[in-house]
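S.K.: I have a structure I would like to understand better, so I am pasting it below and will then ask my questions one at a time.
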Amino acid sequence: MIAFDEVTSRYPPASAELFIAIGYSDLNRHRAEKFHAAKAMGYRLAAYLSSRATVWPGFQLGENCFILEDNTIQPFTAVGADTIMWSGNHLGHHSQIGAHCFVAGHVMIAGAVRVGDFCFIGVQATLRDQIKVGERCIIGMNSVIMADAAPDGVYAAEGTERRAIPSHRVKKL
């Protein structure tokens, strides 16, 4: 880890690849800004694909991506530059995730889905097959997206509420 303003003095562009390790703050814009700045300075950007991910043929991986373990990446898929996929996701066949996205853990993206740039998809969200998610969308935890999602949309599932019956009165569990 090196402060961004020190990197060129310590590691000139011809001598190193960079990885921009910034989370999803400001809908991935902070990471994207550093990504573009590094490219403008002449750096190549490294990508990480876990050896514990299951990856089928025909997968295209952008630069500065970070894909963790237990992702299942089906045939003919693509993940755009500067995108992070946390653990345990499913990326269905012929699906594409845009640039500068963040996919939290245990997300299910069915076949032939298109996710636009600068999106955030929360834990255990499900995206139905053959839909389009517009740019800059926030898909919240446990959300189920059954149709196209318009750009700049916020989609959030309701939280589970406590039931009136106490747990010790539940007889069949």
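S.K.: Give me P(r) over the range 83-164, computed from all C-alpha to C-alpha distances, binned every 10 Å, as integer percentages.
M.R.: Histogram of Cα-Cα distances, whole percents per bin: 22, 57, 15, 5, 1.
S.K.: Tally Lys/Arg at +1 and Asp/Glu at -1 over every other residue whose Cβ is under 15 Å from the Cβ of Arg163; what's the total?
M.R.: Net charge in that neighbourhood comes out at +2.
S.K.: Still on this model: Rounded to the nearest 0.05, what FRET efficiency do Asn142 and Ala37 have when you use their Cβ-Cβ distance and R0 = 30 Å?
M.R.: Using R0 = 30 Å, I get an efficiency of 0.30.
S.K.: Using Cα pairs closer than 8 Å and at least 6 residues apart in sequence, work out the relative contact order for the range 4-45, in percent.
M.R.: Answer for the range 4-45 is 47 percent.
S.K.: What's the local net charge at Gly116, with K and R +1, D and E -1, over the other residues with C-beta under 13 Å away?
M.R.: -1
S.K.: Compute the signed sum of charges (Lys and Arg +1, Asp and Glu -1) over the other residues within less than 15 Å, Cβ to Cβ, of Ser87.
M.R.: Taking every Cβ under 15 Å from that of Ser87, the sum is -1.
S.K.: Further question: So how far apart, in nm, are the two label points at His168 and Asp26 if each is 7 Å from Cα heading toward Cβ?
M.R.: 5.3
S.K.: If you don't mind, there's one more thing I want to ask. For the range 4-45, what does the equivalent ellipsoid look like in terms of its semi-axes, each the square root of 5 times an eigenvalue of the Cα gyration tensor, given largest first in whole Å?
M.R.: Those come to 20, 9, 8 Å.
S.K.: For the chain, with equal point scatterers placed on the C-alpha atoms only and solvent neglected, what are the log10 I(q)/I(0) values from the Debye formula at q = 0.20 1/Å, to two decimals?
M.R.: -1.24
S.K.: Want the number for Val154 to Ala46: 0.36 nm per residue separation, take away the alpha-carbon distance, what's left?
M.R.: Stretched fully, the Val154-Ala46 segment lengthens by 35.8 nm.
S.K.: How many angstrom lie between the C-alpha centres of the range 145-162 and the range 65-115?
M.R.: 19
S.K.: If I fit a long axis through the Cα atoms of helix 29-40 and take the longest principal axis of the Cα atoms of the chain, what angle between them do I get, 0 to 90°, rounded to 10?
M.R.: Value to nearest ten degrees: 20.
S.K.: Moving on. I'd like the Karplus ³J(HN,Hα) series for the range 52-69: coefficients 6.51, -1.76, 1.60, θ = phi - 60°, whole numbers in Hz, and an x wherever there's a Gly or Pro.
M.R.: For the range 52-69, the Karplus-derived couplings read 9, 8, 9, 10, 8, x, x, 7, 10, 10, x, 7, 6, 8, 9, 10, 8, 5 Hz, x marking Gly and Pro.
S.K.: Over the range 16-173, what relative contact order in percent results from Cα pairs under 8 Å that are six or more residues apart?
M.R.: Answer for the range 16-173 is 13 percent.
Laboratory data are not the source of any read-out in this text; all were calculated from the coordinates shown. Values in this document were obtained by computation on a predicted structure and should not be read as measured data. Methodologically, a virtual Cβ is constructed for each residue, glycine included, from the backbone with ideal geometry; neighbour enumeration extends over all protein chains shown.
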